[in-house]
Amino acid sequence: GAGVSQSPSNKVTEKGKDVELRCDPISGHTALYWYRQSLGQGLEFLIYFQGNSAPDKSGLPSDRFSAERTGGSVSTLTIQRTQQEDSAVYLCASGPNPGQGQYFGPGTRLTVT
Amino acid sequence: QKEVEQDPGPLSVPEGAIVSLNCTYSNSAFQYFMWYRQYSRKGPELLMYTYSSGNKEDGRFTAQVDKSSKYISLFIRDSQPSDSATYLCALAKGGYSTLTFGKGTMLLVSP
């Protein structure tokens, strides 16, 4: 079946602009996660959705970051007033049941110039 | 002390070798253990998951968990050049909880 998809695959934006990153999870997966991976850094958790609610958003680095999920499916991560330190690969993952792993999309590579 | 420690490598081996990749962790609350493989400029790919101490085998891959020592391993038998990638361990505390990742070990398998 289809895996997790993300769009765009690459995004170059100017400092100060807003960006939206999209994630389409695997059909039927109720859990959805956003992570960030920077050069030399590990995978950093951002936010977790169960259905349309976000019980854990503790990883969002600042109030410039927000995310929503609609219809228990598609999720959008929005970064307002982008900064150069926001440059990273943003990865989305979805999962079916506890302890059975999370399945990642290919990521969106964000470059802020 | 970081919650999850993983040697970044690179680990270079000849084709056909047995590879051992390891992570240690400090928090006994971790109950679920996973290994991911990540090729350059791709998303991580789930290889193995387990939630109990002991071994779990899948083809050329064996995941080993020792909760008493807080030590997990991934063994790759008959390694191939296509196994060259970064391997990440990931741990969860249960439920739908988020994953805590190691920094990853880069593996290079030469023909």
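Each value in this text was obtained by applying a stated rule to the coordinates, not by laboratory testing. What you see is a predicted model; the values in this text were computed from it and never measured. Cβ atoms come from the backbone with ideal geometry, glycine included; neighbour counts cover every protein chain shown.
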Listed residues B:Gly102, B:Ser68, B:Asn27: farthest to the positive end of the dipole of segment B:9-111 (Cβ charges) | B:Asn27
If you average the sequence gap of Cα pairs under 8 Å that are 6 or more apart and divide by the length of chain A, what percent do you get for the contact order?
-> 37 percent
Could you sort out which of A:Lys57/B:Lys67; B:Lys56/B:Lys103; A:Lys17/B:Lys103 sit more than 25 Å apart by Cα distance in this structure?
-> A:Lys57/B:Lys67; A:Lys17/B:Lys103
Between B:Gly9 and residues 5 or more places away or on another chain, the pairs with built amide H atoms under 5 Å apart involve B:Met106
FRET E, pair B:Lys2, A:Glu14, Förster distance 35 Å, beta-carbon r, rounded to 0.05 = 0.50
For chain B the mean separation of alpha carbon contacts under 8 Å (6+ apart) over residue count, i.e. relative contact order in percent, is 37 percent
Can you run the Rg to Rh ratio on segment A:1-104? Use alpha carbon positions and the Kirkwood inverse-distance Rh.
-> 0.95
Neighbour-count order for A:Asp24, B:Asp7, fewest beta carbons within 10 angstrom listed first | B:Asp7, A:Asp24
For segment A:16-69, just run the numbers: alpha carbon Rg, then divide by 2.2 N^0.38 Å, N being how many residues it has.
-> 1.20
What average count of beta carbons from other chains do you get within 10 Å of the Cβ of residues in A:36-43?
-> 4
Long-range tail of P(r) for the protein assembly as shown (Cα pairs > 28 Å, %) | 30 percent
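Mind pulling the per residue volume of the convex hull built on the Cα atoms of segment B:1-88? Å³ is fine.
101 Å³
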Given +1 on the Cβ of Lys and Arg, -1 on the Cβ of Asp and Glu, and no further charges, what dipole in debye does segment B:22-90 carry about its Cα centre, rounded to the nearest 20?
-> 160 debye
Net charge of neighbours whose Cβ lies under 15 Å from the Cβ of A:Thr30, counting Lys and Arg as +1 and Asp and Glu as -1 = -1
